[in-house]
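Asker: Okay, here's the structure, questions in a sec.
The values are calculated or read from the model by the stated rules, or taken from the named source; none is laboratory data. Note that the structure is a prediction, hence the values are computed from the model and not measured. Note that we place each Cβ from the backbone using ideal geometry, even for glycine, and neighbour counts take in every protein chain shown. For the accessible areas, the whole protein counts, side chains as well, though only heavy atoms, and no ligand, DNA or RNA atoms are used. Shrake-Rupley method; radii C 1.70, N 1.55, O 1.52, S 1.80 Å.
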Amino acid sequence: MKIGDKVRFLSDVGGGTIAGFQGNLVMVEDEDGFQIPTLRSEVVLVTNDDDFSTKHMVEVKQQKKIVVDDNEDYDPADRPVTFKAPVEERKGGEQLSAYIAFIPIEPNAITATRFETYIVNDCNYTMHYVYMIAEGNAWQVHGTGEIAPNTKIFIEEFGHSDLSTMERMAVQLTAYKPNKPFLLKPVVDVQIRIDGVKFYKLHSFTENDFFEQPAIIHTLIENDVPARPLVIDAKKLKQEMMQKVNEDKIDAKEEMRRKAREKARQDKNAPVVVDLHAGELLESTNGMSNSDILNYQLDTMRKTMQEHIKDKGRKIIFIHGKGEGVLRQAVINELRYRYKNCPYQDASFQEYGYGATQVTIR
């Protein structure tokens, strides 16, 4: 396209001559000398001057059920506005943030007022939304559409009598940027449980950044982090609980060992007792071979010896059990070859049974 070319509008009747360019905009001058800024994608070149004749305009407008008299003066001001300014993006708006808000229409009559529901899009992405309310085990759509970036949209109005049917609601969001590249964002699927009692208390509605009046605000997603879902994954919850129990066990055992070491430091005559059984040292042996387990037990023994190697006269009791004697023999071999100066013997049967060895640091 160049200045002087004749073009016609794609989404409107008529056209004109290109008078200039401004970025992605084409300045189209019509028959009355008015220049109309139009996106390049909204105009097309033509080669036949008859395309802009009054007859052509009349025919097109008649198809749209708009009658124009050939003798009637045509006022360009009557032309529908088709130009839309590009969406302005704000700094820090590339992470998804969206909220659902409830606003009392008459805050001074909180027990009698009706309320408005809004979805707030607080980011640079356009969002397609679906707003639903649970009806038993099924869901009913109460609103669907598109929200422009950094705007809010009214969804519906409701009263106190509707609260009993609004205990559970869900919002699904798909984020994108029309006509330009963007980073792909995950689909947001959040369920919310509404506390109807709060809608009878004025202090439940708080000051916020999106409305001039106080509102109840629920987060759908904030800085790309979705709100915690209402539906609980039982399997995941069980795993988290088991992990917490295991962590507590580890902490308890570590505390016992710490107290034992502390007591040993305070009482030079008290022996250090170390249980080398795998069940005492490891929370789980899954994926470990017998050799792996034995090496771990011996590492524990070596660390204990190194920790007290300067405590002359200190006695250390290693509990290894009878079993097949593999662990006991491995402990004896370590003492013979690594700690030759430290004598050892069977520990007291009355205190530790048959499966323990006593070492004296020299």
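Asker: Out of all the residues in the range 1-44, which are open to solvent by 30 Å² or more (accessible area, probe 1.4 Å), of a type in the set (Asp, Glu), at pLDDT below 85 and more than 19 Å from residue 179 (Cβ to Cβ)?
Answerer: Selection gives 31, 32.
Asker: Continuing with the same structure: Applying the selection to the range 145-200, what residues are basic (Lys, Arg) and assigned to a strand (DSSP E or B)? Steps first, answer last, please.
Answerer: Step one: of the range 145-200, the residues basic (Lys, Arg) are 152, 168, 177, 180, 185, 193, 198.
Hits for the range 145-200 are 152, 168, 193.
Asker: Give me the residue from the range 89-125 that is aliphatic (A, V, I, L, M) and not in a strand (DSSP E or B) and, out of that set, least open to solvent (accessible area, probe 1.4 Å). Spell out how you get there, then give the answer.
Answerer: So the first thing to find is which residues in the range 89-125 are aliphatic (A, V, I, L, M), and the list is 96, 98, 100-101, 103, 105, 109-110, 112, 119-120.
Filter once more, so that each one left must be not in a strand (DSSP E or B): 96, 105, 109-110, 112.
Details: 96: 2, 105: 79, 109: 36, 110: 22, 112: 79 Å².
This residue is 96.
Asker: Taking the range 26-38 as the search range and keeping residues that are touching a residue at least 40 places away in the same chain (Cβ under 8 Å) and touching a Leu at 6+ places or on another chain (Cβ under 8 Å), which one is farthest from residue 1 (Cα to Cα)?
Answerer: For the range 26-38, the residue satisfying everything is 37.
Asker: Identify, please: which residue in the range 135-154 is touching an Asp or Glu at 6+ places or on another chain (Cβ under 8 Å) and farther than 18 Å from residue 97 by Cα and is, among those, most open to solvent (accessible area, probe 1.4 Å)?
Answerer: At the first step, the residues of the range 135-154 found to be touching an Asp or Glu at 6+ places or on another chain (Cβ under 8 Å) are 142-143, 149-150, 154.
When the remaining residues are screened for being farther than 18 Å from residue 97 by Cα, the result is 142-143.
Values: 142: 69, 143: 14 Å².
Top of the filtered list is 142.
Asker: Only residues that are part of a helix (DSSP H, G or I) and under 16 Å from residue 275 (Cβ atoms): list them for the range 309-362, please. Lay out the reasoning, then the answer.
Answerer: Filtering the range 309-362 for residues part of a helix (DSSP H, G or I) gives 326-337, 349-352.
If the condition is that a residue be part of a helix (DSSP H, G or I) and under 16 Å from residue 275 (Cβ atoms), then 327, 328, 330, 331, 351, 352 are the ones that fit.
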